[in-house]
Each structure stands twice: as structure tokens, then as C-alpha cells.
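Student: Shown below is the structure under consideration.
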């Protein structure tokens, strides 16, 4: 299966998700609407699309005019019932494409934050395999409202953390794709984060367990996308 990874900067790649996808034998194309060029393949050639994070915010159309094009692109994918998985900014953009409010949080979430699955997650194709409670790596200053008609799948004390929209579109606010090299680039560019070495040490303590959870989430999403391909 071909998977399209929509990225928003060189420091926000698919990370551990690419590793899991390729381990399962899938081809991954990275692409950004900011490049001003079409995707590497026709959209019909993809079995799933993943939308990743970025340093910009979902409401910064004035600074990044291509975000308007991305909204139209995501609305088209939703209409096509393309399997989607949005991560952080990606989840916010899916929510916005579904006409849900997205905006700044009173308290940003950066680092390890406890989240809890909702009752609805127990029957979800992607979230049912995850623990009911876990500490998730976060790096976001905005959050989304769960779109109308969507199912909320996880929450932290501060905000909604995951939803399923329809049968084949998911958004997660946390970062299951993160790797240490990616985190190092974020810390190098983040003036507001003090104590980078301590931050990295805390990540190292949890990295193996966290990347196993990320691989599970990614794998469950791909399996859901494969079932769609079989029935299409």
C-alpha cells in the first residue's frame, strides 16, 4: 500500500511511523502543500494519508497561505472517505476541515502528560488496543474541539486528545511518531524550553515503551486502511 505523509517542515517528519510502515512493507511518500507541487502520485494511488505536526498554527493562514489549500485538500479527502490519521497540527487541521473550532490553549502541553481513553475507545479499530491510561509525549500550544458527529477517544485534564470522524479518519493531539533525533531538533529551536538535557533524559527513560505504543497505534490505523482497500 502507498501511504502519503503530509509534512509541515523538515523537523516534523513521519519519524517512527515511517519505520513501522516500511517494516510492514508499505511505501511512504512525503509531501507538503507548501512546496507548490502536486503529490508524488495521484491521490487514488494512496491507501491512506497521514498529516503530521509543524511549528505553525492551524489559524495562521495569513502567514502560511498554503494552509487554506490544505484545508480544501483535507475536506476533499474526507469526502472521498480516504483513511486519515492526523498528528498534533494534523489533527487540528482535520478538525478544522470538519468545521470544528481550533485555538490556543490556556495552558500549553509540553512533555509527558497523562491521558485517559473514553468508553468509546474500547470499540475503536485504532484505540481499542491501547492502554486505558498512559503518559503521552506532547508538544502543542493549540487544541481542537471534537468535530460534530465525531467520537472523542481520549482526553487529558487540559483538552481533548483524540477523535474518530466517520469510520476512517482519526486525529491525535499527542506525538506517537516522535523519535529522539526529532526531539533534538525541536529543542534546538525552542527558546521557551529550559533544561534540554533533562528533557532528553526524561524522554530516553520512556522512549522504548512510548515507541512501542506508537507502533501499535500506527499499525492499527494501517490495518484499518487495508480493510478499506479490500472492500473498495
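The values are calculated or read from the model by the stated rules, or taken from the named source; none is laboratory data. Note that the coordinates shown come from a computational prediction; the quantities given were computed from them, not determined experimentally. Every residue, glycine among them, receives a Cβ derived from its backbone with ideal geometry; neighbour counts consider all protein chains shown.
Student: With the requirement that a residue be within 19 Å of residue 64 (Cβ to Cβ) and touching a residue at least 40 places away in the same chain (Cβ under 8 Å), what does segment 11-48 give you?
Tutor: Passing the criteria: 11, 12, 13, 33.
Student: Only residues that are touching a residue at least 12 places away in the same chain (Cβ under 8 Å) and in a helix (DSSP H, G or I): list them for segment 91-137, please.
Tutor: Within segment 91-137, 91, 92, 93, 94, 95, 96, 97, 120, 121 meet the criteria.
Student: What is the one condition in (1) surrounded by fewer than 15 Cβ atoms within 10 Å (Cβ to Cβ); (2) within 24 Å of residue 144 (Cβ to Cβ); (3) in contact (Cβ under 8 Å) with a residue 40 or more places away in the chain that residue 62 does not satisfy?
Tutor: Tallying (1) surrounded by fewer than 15 Cβ atoms within 10 Å (Cβ to Cβ); (2) within 24 Å of residue 144 (Cβ to Cβ); (3) in contact (Cβ under 8 Å) with a residue 40 or more places away in the chain, residue 62 fails exactly one: (3).
Student: For residue 146, are the conditions met, namely being more than 21 Å from residue 3 (Cβ to Cβ) and surrounded by 14 or more Cβ atoms within 10 Å (Cβ to Cβ)?
Tutor: So residue 146 passes the test.
Student: Please pick out the residue among 34, 16 that is surrounded by 13 or more Cβ atoms within 10 Å (Cβ to Cβ), touching a helix residue (DSSP H, G or I) at 6+ places or on another chain (Cβ under 9 Å) and at pLDDT 95 or above.
Tutor: 16
Student: Given the residues 196, 160, which is the only one that is without any contact (Cβ under 8 Å) to a residue 40 or more places away in the chain, over 15 Å from residue 88 (Cα atoms) and either surrounded by 22 or more Cβ atoms within 10 Å (Cβ to Cβ) or touching a helix residue (DSSP H, G or I) at 6+ places or on another chain (Cβ under 6 Å) (or both)?
Tutor: The conditions single out 196.
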